[in-house]
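The values are calculated or read from the model by the stated rules, or taken from the named source; none is laboratory data. Everything numeric in this text was worked out from a predicted model, so none of it was measured. Note: ideal-geometry Cβ built from the backbone for every residue, glycine included; neighbour counts use all protein chains shown.
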Amino acid sequence: MNSIDTLSEIFSHFPGIGPRQAKRFVYYLLSRRQDSVESLVDAIQNLKRDIRQCSECMRFFPGAGNTCNICSDTHRDKSLLMLVPRDADFEAVEKSGGFKGLYFILGGSLPILEKEPEKRIRLSELKARIKRDSGVIKEVILAMNANAEGENTAEYIKETFKGEGFDFSELGRGLSTGSELEYADPDTLKNALLHRTK
């Protein structure tokens with residue numbers, strides 16, 4: 001395999017990128033000046049060095065320490081824990097300004113008939129978080145994408161943590177079916193939070 005094919009293969013594993021678009025990325029890079037490509041290489045190397053993963057919510061954040069600014073904020077409502085599939089979903093909800101509790105990023109969602117859910121979402125980390133905060137958490141908000149995988153993930157989590165001493169709620173369907181949180185506008189997200197269901 002030559003360098004073009006190798007890099008195309010790497011790009012094709014990015015979310016939403018198919019083989020043709022991956023190849024376009026490679027040819028775009030080949031058409032750029034050397035310093036532009038070197039800047040990209042530096043940015044990728046700095047990403048792993050400068051970004052940390054929060055030990056509480058599992059999201060990626062810039063800076064030092066083990067916990068992000070949200071988890072270490074004493075003004076957040078610790079009785080509310082919102083579960084979201086990905087970091088991009090967290091950012092969309094946080095940008096709406098409608099939620100003042102804490103988060104947990106699952107790292108994905110569960111396809112229907114998934115046989116090994118712990119390999120698709122951060123289940124063991126979530127169990128440890130809920131066990132540690134037992135008695136503090138009063139409500140877990142399942143902020144899943146409005147599609148089959150999102151619904152399956154929500155049902156699996158409800159079943160796994162049934163009887164843990166807190167209520168479950170889901171975002172109100174201000175989000176249209178098939179949509180993803182990352183692309184929802186702030187007003188839609190605020191409305192969905194306001195009308196979440198239990």
Cβ pairs under 6 Å, 6+ apart or interchain, first in the range 10-27 and not assigned by TED's automatic domain parsing to the domain that holds E182, second not in a helix (DSSP H, G or I), ordered by first then second residue, are F11/I17
Cβ pairs under 7 Å, 6+ apart or interchain, first in the range 174-193 and within 18 Å of N152 (Cβ to Cβ), second surrounded by 18 or more Cβ atoms within 10 Å (Cβ to Cβ) and acidic (D, E), ordered by first then second residue, are L181/D89
Breaking point among (1) part of a loop (DSSP other than H, G, I, E, B); (2) aliphatic (A, V, I, L, M); (3) in contact with a Leu (Cβ under 7 Å, 6 or more places away or on another chain); (4) modelled with pLDDT of 90 or more, for A154
(1)
Across the range 21-69, the tally of residues that are surrounded by fewer than 10 Cβ atoms within 10 Å (Cβ to Cβ), part of a helix (DSSP H, G or I) and basic (K, R) stands at 2
